[in-house]
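So the structure is just underneath, and the comments pick up after that.
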């Protein structure tokens, strides 16, 4: 049996590697027939968890300067790894890592709930600005129902929901407090919080994880304590059973929120990272936790109905783990993608363990293999992608995983796959000039239409081949060395030995520049010859 699993795993990997060349063509969006190979398309992101200070800030009460320095280190690492997305947790539990008139400042910022940073700054505004300055999308992660976490110390702020509306809060056995999802007032609370951020901040996405009704362990295995709401529903003539009634409350919330986001800012993507298994038996070989019955989350319905713009199911299991096989789960979610949305699975990067003697052995190479597997399977939507849990494991190069990513699947930059159901009209091509300045070629451009670029792509025909650089939308120039000698970094397959060699700079005889908008549409390329 072990040998059979190993053969299956190898076969899947070889299939994935054989399909890797599809990356540039998949989901290219607005395909341009000008002879220039398109830039790769792949969403590459990581969750930045703030609850209990998992990823940022490293502890409560850091100075403003220390918080900013830690944030910049994370974003610089994303840029270094050729990533293009961050999923930032701005509402861990009815609190805010941003200036809000609806909820108190988070304890995880200052060590006291309700207390603003001093010297004052708005962390979410800072994250958005710095991510965009690097050409990185910033998706804001909210917990819609968790009200309080035991990691929060001290008194709760006067404007915390437990003080202003205590009758909508349910206290669980493990110390967690939860909003009652079936109370209509709760839907209003969470929708208003999300829409406040959508209106006031220049964000790229809204993101929820797998927390709807709480996991049973949070309440010691007992049922969720919503008797008052349930009895009121029955007294009003309700006919659904309790499970369907709970699921309907969550379904109504999801449908309403998706439509309100689109009415306000159509380009802001709504993404979800549900538990990786929809239900045991979907497909037949899959066993495990039933989110439909336990979390009252009908994640399959939301996906099939297209109430989201992307899905990031938390497929944290290895490729060859038969009851929860990574490729089998990804293939099932891909099959259920009835509206051609983006499928960007969640990777359990935090579970990497290079010790072959450990029962939890999962080498860092598994992350690379899973990325290649996703590239092979996800061909129904606009393009592949994935999200790592969590950022600190990439920042710290956990078990060498960051080295492997950069030497392998992240060797080239990639554009975020498009979302054509939101917008399929590309921006105007830029106006481009190029000037030789000593050993350097200075490429400059300007916007030619009303729509601003989120990023630019600078293509260069050098040494007989095309290559490209992705440039943040705030920049309008790019410098490339075209004379003299260059230092070239050579990395081995293991990603450990690095050497630098000098080689003559190769001439550039053609360049092209394109604009890419907020929905991933790429303009026609403006091509000029270099003499």
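Where a number appears in this text, it was derived from the coordinates with a stated rule and is not lab data. Since this is a predicted model, take the numbers as computed values, not measurements. Here the Cβ is made from the backbone with ideal geometry for all residues, glycine too, and neighbour counts use every protein chain on show.
Side notes on the structure shown:
- Three-way shape label, segment 78-189, alpha-carbon gyration tensor, a/c 1.5: prolate
- Averaging the Cα positions of each part gives two centres, and for segment 315-389 and segment 47-90 these lie 24 Å apart.
- If R0 is taken as 60 Å, the Cβ-Cβ distance between residue 354 and residue 485 corresponds to a FRET efficiency of 0.95.
- Among 173-185, 423-435, the peptide with the highest mean count of other Cβ atoms within 10 Å heads the list, and the full ranking is 173-185, 423-435.
- For the chain: relative contact order, % (alpha-carbon pairs under 8 angstrom, 6 or more apart): 16 percent
- Cβ crowding within 10 Å averaged over residues, with 279-291, 447-459, 89-101 ranked highest first: 89-101, 447-459, 279-291
- Estimated purely from DSSP H runs of n ≥ 4, each contributing -39500 (n - 2.57), the mean residue ellipticity at 222 nm for the chain is -8500 deg cm²/dmol once divided by its residues.
- Label point 7 Å beyond Cα of residue 509 along Cβ direction - residues of segment 447-463 with amide nitrogen under 13 Å: 461-463
- Cα shape, segment 188-328, gyration tensor, a/c 1.5 rule: oblate
- Counting all C-alpha pairs of segment 205-268, share separated by more than 18 Å (%): 52 percent
- Remark: the residue 411-residue 339 segment gains 22.8 nm on full extension, using 0.36 nm per residue and subtracting the alpha carbon distance.
- The calculated Kirkwood hydrodynamic radius for segment 323-406 is 13.6 Å, given to one decimal from all distinct C-alpha pairs.
- Neighbour-count order for 362, 247, 200, fewest beta carbons within 10 angstrom listed first: 200, 362, 247
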